Amino acid sequence: MSEIIVIGGGAAGMMAAIKAAERGCKVTLLERNEICGKKILITGKGRCNLTNTKPWSEFSTHIHPSANFLKPAFFNFSNTATIEFFNSIGLPTSVEQGDRVFPLSMCASDVPKVLVALMQELGVDIRCSSQVLNVSHSDALFHCVCGKSDSLRGKRIDVVRYSAPVLIIATGGLSYPGTGSTGDGYEFARSLEHSVTETFPSLTALMPRAYDNDLVGIELRNVGLSLFIDMDLIKIEDGELTFTSNGIEGALGFRLSRRAVQALIKGQRVELVLDLKPALSLEKLRARISRDLKQMGATADNVGRN
Ligand SMILES: Cc1cc2nc3c(=O)[nH]c(=O)nc-3n(C[C@H](O)[C@H](O)[C@H](O)COP(=O)(O)OP(=O)(O)OC[C@H]3O[C@@H](n4cnc5c(N)ncnc54)[C@H](O)[C@@H]3O)c2cc1C
């Protein structure tokens, strides 16, 4: 029998299994998909932005508004420790624009590859195609009832039961359920009488009410986006954004989305104002436009004469 069961073979579950196995624990990891780390494959536009080299004080607010909640975790396993960890297990990294760290190969699939290889090396019992259906606790043990699909024998589902004194639920949030994270973990936690914080979309696309599909595909760099809630200016962010069929995406839109979504849930009025030239004052912008118009006029005159 294992000492620890980890439900979920995403980034969190794999790291939890690795760290427990490194300390000599017998670990079983249960993953519903046929492979571990399916969501990692779509991260960083297929390149996986592993971490950032900025100091904590600069990037903490990008993670969560109340960054102190995560401070101990980041201090125990810092961004530099993350880079060293991946380098040491055979994943060289490179630092790109914005101090972002990617695998040198620029291939997100290399990330689960090295994590799975390390789990195998450490003797983690990896059970893919194993969907946990429910969890319970009795006689000082956690019990997971699992539906194990057998692709070789068609759709046949075997029910398997795993028990261990320690259970780690790492089933992900609610984003991109196609990658396997459908929120099962919240139900498991509730069934074990944990309280569960209410969830809402964050780091998500924002779809303006009157959205012009002609914008789709346009990528803007070094622009400003201001968020107004009930006419009050809440936040201004500079950076890049992309207009997609889902609405406003990219780092800039994502950073404002959490606050915007919270306001929308409360029924507040949410407005976004786009500044295409945030580095220029209004006077400088006016001067530049009139200079450009004069130049265009001169060019048009010349074309007319010729
Ligand atoms: C489009 C996109 C791009 C992103 N880009 C980046 C990036 O570049 N850098 C970055 O740091 N983060 C990025 N993220 C965020 C990052 O992907 C997540 O923070 C991370 O994957 C969360 O890992 P997790 O292990 O908590 O959850 P998940 O990766 O969701 O893993 C949960 C796992 O649990 C399994 N599971 C769920 N229910 C059950 C069950 N009942 N039984 C068994 N298994 C179950 C799921 O199949 C899944 O494999 C991005 C996210 C998205 C959606």
Open item on the list: Checking the conditions here, which among LEU241, LEU233, LEU282 is hydrophobic (A, V, I, L, M, F, W, C), more than 22 Å from THR199 (Cα to Cα) and exposed (fewer than 10 other Cβ atoms within 10 Å of the Cβ)?
Closed with: LEU282
- [ ] Only residues that are small (Gly, Ala, Ser) and either at pLDDT 95 or above or not assigned by TED's automatic domain parsing to the domain that holds LYS19 (or both): list them for segment 131-159, please.
- [x] SER136, SER138, ALA140
Open item on the list: Can you tell me which condition ILE169 does not meet? The list is (1) at pLDDT below 95; (2) surrounded by 15 or more Cβ atoms within 10 Å (Cβ to Cβ); (3) touching a strand residue (DSSP E or B) at 6+ places or on another chain (Cβ under 7 Å), and all the others hold.
Closed with: (1)
Open item on the list: Quick test of your reading of the structure: ARG32 fulfils all but one of (1) within 13 Å of the ligand (Cβ to nearest atom); (2) of a type outside the set (Ser, Thr, Tyr); (3) under 28 Å from GLY250 (Cα atoms); (4) part of a loop (DSSP other than H, G, I, E, B). Name the failing condition by number.
Closed with: (3)
Open item on the list: Anything in segment 1-29 that is in a helix (DSSP H, G or I), near the ligand (Cβ under 10 Å from one of its atoms) and aliphatic (A, V, I, L, M)? List them, or say none.
Closed with: ALA11, ALA12, MET14, MET15, ALA16
Open item on the list: Please verify whether ALA170 is in the same structural domain as GLY24 (by TED's automatic domain parsing) and farther than 29 Å from THR53 by Cα, treating the condition exactly as stated.
Closed with: no
TODO: Quick one: which strands (runs of 3 or more DSSP E) lie wholly within segment 120-207 and hold at least 1 residues that are of a type outside the set (A, V, I, L, M)?
DONE: 125-127, 130-138, 141-149, 157-164
Task: Residues of segment 35-62 satisfying the condition of being more than 7 Å from the ligand (Cβ to nearest atom), assigned to a helix (DSSP H, G or I) and of a type in the set (Val, Ile, Thr) - done: THR61
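The values are calculated or read from the model by the stated rules, or taken from the named source; none is laboratory data. What you are looking at is a predicted structure, and each value in this text was computed from that prediction instead of being measured. Note that we place each Cβ from the backbone using ideal geometry, even for glycine, and neighbour counts take in every protein chain shown.
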